[in-house]
Amino acid sequence: THFGFRDVRVEDKQKLVGEVFSSVARKYDLMNDLMSLGIHRVWKRYFVATSQVRPGDRVLDLAGGTGDIAALLRDRVGPSGSVVLGDINGAMLRVGRDRMIDRGRVAGFEYVQCNAEKLPFPDASFDLITIAFGLRNVTDKDAALREMERVLKVGGQVRVLEFSEVKAEWFKPVYDFHSFNVLPRLGQLFAGDAGSYQYLAESIRKHPPQDELRAMMEAAGFARCSYKNLSTGIVAVHTGYKV
Ligand code: SAM
């Protein structure tokens, strides 16, 4: 399959994203390590370590996939806290749940299949909301950000970890080569699926860069919005608050 999203109507995007993640779910963790040379683990640890998560918090990890962020958060909310792993894709959630159970991690997790654009939670439900490498895949990002604002408690923090715009000029050709040559080949070789990784590279290029995403978060109602580039902007961590 070819996922050239430029040729695709908006209403078809949701279905295609579903197909992409169902087809990669089982190979997802291996592919992350291969594609990023393991660096995604460092980004994720930084993302959680610098969040305002506290013991006892109720946390939502949206587009949580196979649960990397949720597992890190779980360690920080302690026995009195809880983590909800929300994802639109049942296959990703199942892989995530099985991984947690394999590691003996059962208590304090909930798994909720949901669309970020329309969250099945009451207003002011969470102390912290995280979304890592997920917002890029959401069709109506503004709606998703507004929903996050709605279900966040006053004083709560939202954190977005996402691919962004590379800032170092020297690195751009290397990054382009990696995205458009190495990635689809790795996808073909290890997952038997070049199309999904072609989609990945395209979705990264189309995602709003740092300042644009910050403006979108402000428009959704978040206060004190800021971001920090990691690895020269390959990814950025965006933070906002509900006041
Ligand atoms: N957060 C995990 C991580 O960092 O490893 C998973 C990231 S994975 C690249 C993106 C996830 O977003 C997939 O599991 C996909 O099912 C989910 N997703 C895509 N669109 C979504 C939506 N509209 N609502 C909720 N989750 C969505």
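Every number here is computed from the coordinates shown, using simple stated rules; none is lab data. Everything numeric here is computed off the predicted structure, so don't read it as measured data. Here the Cβ positions follow ideal geometry from the backbone for every residue, glycine too, while neighbour counts run over all protein chains shown.
The figures follow:
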item	result
Selection from the range 22-63 of residues that are among the small types (Gly, Ala, Ser) and within 10 Å of the ligand (Cβ to nearest atom)	22, 25, 63
Members of the range 37-57 that are farther than 12 Å from residue 161 by Cβ, surrounded by 18 or more Cβ atoms within 10 Å (Cβ to Cβ) and of a type in the set (D, E, K, R)	57
Residue within the range 197-213 that is closer than 18 Å to residue 73 by Cβ, over 16 Å from the mean Cα position of the chain (by Cα), of a type in the set (Asp, Glu) and surrounded by fewer than 21 Cβ atoms within 10 Å (Cβ to Cβ) present	no
Unmet requirement for residue 118, which otherwise passes all of (1) more than 13 Å from the ligand (Cβ to nearest atom); (2) of a type in the set (D, E, K, R); (3) more than 20 Å from residue 33 (Cβ to Cβ)	(1)
